[in-house]
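Asks: Below is the structure I would like to discuss, written out as structure tokens.
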Amino acid sequence: MAAAGPGHQGRTERDAAAAELAARLTRLDSAENGLCFGRLDMADGERRYIGRIGIRDDDLEPLLIDWRAPAARPFYAATQWSPEGVARRRHIRLDGRRVAGVMDEDLTGPAGPAADAALLAAVTAARTGRMNDIVATIQREQDEIIRSPHTGVLVVQGGPGTGKTAVALHRAAFLLHTWRERLARSGVLVVGPSTGFLRYIGEVLPSLGETGVLLSTVGELFPGVRARRPEDPRTAEVKGRADMARVLAAAVRDRQRVPEAPVDIEYDGGTVRLRPADCERARRLARETGLPHNEAAPAFRRAALAALARDAAGRYGADVLSGGSLLTAADRRGIQAELAASPEVAAVLEALWPRLTPQRLLADLYASPERLAAAAGGMGAADRARLVRPADGAGWSVADMPLLDEAAELLGEDERAHRAARAEQNAWRAEQVRLAREALAIARGSRTTDADEGEEAEQLAAFDLLDAERLAERQAEQDTRGAAERAAADRTWTFGHIVVDEAQELSAMAWRVLARRCPTRSMTIVGDIAQTGAAGGAGRSWAEAIGPHVGIRFRQAELTVNYRLPAEVAEVAAGVLRRIDPNARPPRAVRAAGRAPWRLAVSADALVPTAARLARRACEREPEGQVAVIGPAALRPVLAAAVAAAGPQDRIAVLDPGQAKGLEFDGVLVVDPAGIAAGVPRGLNDLYVALTRATRWLGVLHGPGVPPEPLSRLPPPPGPAH
Ligand SMILES: Nc1ncnc2c1ncn2[C@@H]1O[C@H](COP(=O)(O)OP(=O)(O)OP(=O)(O)O)[C@@H](O)[C@H]1O
């Protein structure tokens, strides 16, 4: 920092250096936990320590190699068959700064159990409710995806628990390391299915030293509007269809109206007339600009006003003798200016080409079956009826967000809103200049009191270098928010890379939003087609789901090993998967838990209280870990109330399958599986999600009747469970 010179350039360098040092400090702080986790003893005697971040000594020799650096790669990729120059791989377990244990793998001899031991310790540990990074135990097939040099769209398909989320986040960290400068500027966006999920994964990237990433659901991507309104999944599905883009475009065109009969407008004690043909021409000219609706409004107005001015000139300036006009060009311009200022004229033109916000367009469309019929004529009547809702001001649903975003694209900036924003910005700037003047005045006043005479001449004071304007400018330039924060507030921000998790959930309209946010199409997309929920947009393949939005040029990778589910639970889930798709291959579980999944049948009345009792009993039996009660969406509120009624218990989560997506727990109690499977379209997929959340045990609780296959074949719970 001391090396930076004086003046603006020097300041910029100092600011940049300070920002870089602050970022480095954050990285060092956040990577403190488990800083060094591996060592490679190379066959040639070289020794490499592998850690969360890279650290060099004073001579710039590496002390610790960042796990993302090429030199660290053999830690994940070397095998007995392909040792990549490694003789021994050491896994180091730290407790704070103390070495708590080491496990060595000799790559020159036959395969030993050490690597498996480190992995097993990680996957069998009690869950905390927050996802951990997997940097110490990334597996080979995962490593290949994390370090993939592919810069376009990379799709990762994998069954539940195969580490898709973990891999996607580590890939984001890898890309940030590799393309630090570019991505720090443009930012990385991670899209997840729910705020609960984002909270669950929220610590992974910071623990890898990466803090400048924006985590968001699709519902949060439209700044200034929060999606709070509940929505029937069938309505959400209709709103998510690609066809809605056409419907919205038609809805906008429908607002650009031509009157059926001439409109007479009061002017100067008489009237002027706007004819349908003039309007038609004005509309054509405005549409031909190719601008979004609001931005084309001035063109419409200009053409309509010109027509009105011609009409007025014809009426008031006609020379009865010659049949020509008595008015000069300046007179005509004057008339046009008067017409432009007339509130009556403005009201008519506003009605014909109204300036619209996305919210107004959508609320008006939903509230009017006529408008819907005009815009969505190609849609079946039943689907169209799903879109109807009163303009009740009750807010927006998640499925509305991509439609608002699409509408914002179609409408563009409202030039009046733009002017208001500019005025606000100018006022802010004037205030900054005023404050800067004050600051400079104070600096001048304190000049001789702050420094000795001799010293003073040597110093460059602020007022020698700056005038108030420049000082204000500098304040404005110093937007200290990181890219992530700025991106969150700006609908038109484009990201350098986007990670999409649970991508099978995204509708076609949501994909359009993401495609707009990432014109370079640098994306990592992870998901599982078999887990697609009722409103989700994935078809039977990724090509079908994302092809229309990212093109056919994407690379697909697969994860095949399941790290979450014990084999016993995985087998039950595989039975449901076979019913969803007989050709699907379930992932292979890495371990068995030794605890058989069970089922318990109770009377309909006893279902909810028994669920609450079983969940609490499970917590009492096991002093640590998380338990989830997962039931149909309709049952969730009463289940939650029953669990809460028994007293506070922050280790129990009560969820519906949509909310459980992407999460995991030590124990899971699935309540009313038939209700889950039958409740919504793709109910079996929801049941599959519910059954694939447990790292240790799975129980199924149901009312009278037989639960869906293969749950009916599960044994009763071991011991007196209820
Ligand atoms: N290499 C690994 N080392 C240690 N733990 C791992 C590894 N890979 C995955 N895991 C763990 O396995 C669990 C499942 O991972 P993750 O949630 O990423 O799976 P997923 O494929 O996204 O699942 P879902 O489809 O259900 O969302 C997590 O606890 C994760 O930390």
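Asks: Which ³J(HN,Hα) values in Hz, rounded to whole numbers, follow from the phi angles of region 398-404 under the Karplus curve 6.51 cos²θ - 1.76 cosθ + 1.60, where θ = phi - 60° and Gly and Pro get x?
Replies: 4, 5, 6, 4, x, 6, 5
Asks: Further question on the same structure: Over region 256-352, what is the relative contact order in whole percent, taking alpha-carbon pairs under 8 Å and six or more residues apart?
Replies: Details: 101 pairs, mean separation 26.9, N = 97.
Dividing the mean separation by the residue count of region 256-352 yields 28 percent.
Asks: Spin-label point model (7 Å from Cα, Cβ direction): what's the SER603 to THR289 distance in nm?
Replies: Going by the 7 Å Cα→Cβ label model, 7.2 nm.
Asks: Now, a different point. Using amide H atoms built 1.01 Å from N in the peptide plane, name the residues 5+ places from ARG599, or on other chains, whose amide H lies under 5 Å from its own.
Replies: Answer set, sorted by chain and number: VAL700.
Asks: In nm, to one decimal, how far is the ALA250 label point from the ARG199 one, both placed 7 Å along Cα→Cβ?
Replies: 4.2
Asks: Also: Based on the alpha-carbon gyration tensor of the chain and its eigenvalue square roots a ≥ b ≥ c, which shape applies: rounded if a/c is under 1.5, prolate if not and a/b is larger than b/c, or oblate?
Replies: Verdict is oblate for the chain.
Asks: What angle, in degrees between 0 and 90 and rounded to the nearest 10, separates the Cα long axis of helix 329-341 from the longest principal axis of the Cα atoms of the chain?
Replies: The two axes meet at around 50 degrees.
Asks: So how do 561-571, 673-683 stack up, highest first, on mean other-Cβ count within 10 Å?
Replies: Working: 561-571: 22.5, 673-683: 20.2.
Listed from highest to lowest mean packing, they are 561-571, 673-683.
Asks: Can you tell me how region 32-112 classifies by the Cα gyration tensor, rounded, prolate or oblate, using a/c under 1.5 as the rounded cut?
Replies: The shape class here is oblate.
Asks: Excluding ligands and nucleic acids, what accessible area in Å² is computed for ASP104 using a 1.4 Å probe, to the nearest 10?
Replies: Spelled out: ASP104, probe radius 1.4 Å, area about 60 Å².
Asks: Something else about it: For every other residue with a beta carbon closer than 12 angstrom to the beta carbon of VAL156, add +1 if it is Lys or Arg and -1 if Asp or Glu, then tell me the sum.
Replies: Details: positive: LYS164, ARG171, ARG555; negative: GLU141, GLU144, ASP501, GLU502, ASP528, GLU558.
Combined, the nearby Lys, Arg, Asp and Glu give -3.
Asks: Let's test the formula: R0 of 25 Å, r as the Cβ-Cβ distance of ALA122 and GLU84. What FRET efficiency results, to the nearest 0.05? Present the calculation step by step, with values, prior to reporting the outcome.
Replies: Values: r = 23 Å, r/R0 = 0.92.
It comes to 0.65.
Asks: Please compute the contact order of region 666-722 in relative form: average sequence separation of alpha-carbon pairs under 8 Å and at least six residues apart, divided by the residue count, as a percent.
Replies: After rounding, I find 42 percent.
Asks: May I ask you to give the solvent-accessible area per residue for region 567-713, in square angstrom, as obtained with a 1.4 angstrom probe?
Replies: Accessible area per residue: 41 Å².
Asks: Shifting gears a bit: Can you list the HN-Hα couplings for region 588-600, worked out from phi with the Karplus curve (6.51, -1.76, 1.60; θ = phi - 60°), rounded to whole Hz and with x for Gly and Pro?
Replies: With coefficients 6.51, -1.76 and 1.60, one gets 8, 7, 7, 7, 10, 9, x, 10, 6, x, 9, 9, 9 Hz.
Asks: Taking amide hydrogens as modeled 1.01 Å from N in the peptide plane, which residues meet the under 5 Å criterion relative to GLY34, leaving out close sequence neighbours?
Replies: It is GLY96, by chain and number.
Asks: Quick check: pseudo-label points 7 Å beyond the Cα along Cα→Cβ at GLN556 and ALA341, how many nm apart are they?
Replies: Going from the GLN556 label point to the ALA341 one covers 6.6 nm.
Asks: Using the Karplus curve 6.51 cos²θ - 1.76 cosθ + 1.60 with θ = phi - 60°, work out ³J(HN,Hα) for each residue of region 603-617 in order, rounded to whole Hz, and write x for Gly and Pro.
Replies: Couplings: 5, 4, 5, 7, 4, 5, x, 5, 4, 4, 5, 4, 5, 5, 4 Hz.
Asks: Among DSSP bridges having both ends in the chain, what percentage is antiparallel? Round to the nearest 5.
Replies: 35
Asks: Provide the gained length on full extension for the span SER541 to VAL102, in nm with one decimal, where the gain is 0.36 nm per separating residue minus the Cα-Cα distance.
Replies: Between SER541 and VAL102, full extension yields 153.7 nm more.
Asks: Rounded to the nearest whole Å², what accessible area per residue is found for region 256-352 with the 1.4 Å probe? Mind dumping the intermediate values first?
Replies: On the way: 5250 Å² over 97 residues.
That works out to 54 Å² per residue.
Asks: For ALA330 and GLU280, compute 0.36 nm times the residue count separating them, minus their Cα-Cα distance, and round to one decimal in nm.
Replies: Between ALA330 and GLU280, full extension yields an extra 15.4 nm.
Asks: If I compute solvent accessible area with a 1.4 Å probe over the protein chains, what percent of it on the chain is carbon and sulfur?
Replies: 53
Asks: Taking H placed 1.01 Å from N in the peptide plane, check which residues at least 5 places from ARG88 or on another chain put their amide H under 5 Å from its amide H.
Replies: Sorted by chain and number, the residues that satisfy this are ASP41, LEU107.
The values are calculated or read from the model by the stated rules, or taken from the named source; none is laboratory data. Every value quoted in this text rests on a predicted model; they were computed, and no experiment measured them. All Cβ positions, glycine included, derive from the backbone under ideal geometry; neighbour counts span all protein chains shown. Accessible surface is based on the protein model in full, side chains and every heavy atom, while ligands, DNA and RNA are left aside. Shrake-Rupley method; radii C 1.70, N 1.55, O 1.52, S 1.80 Å.
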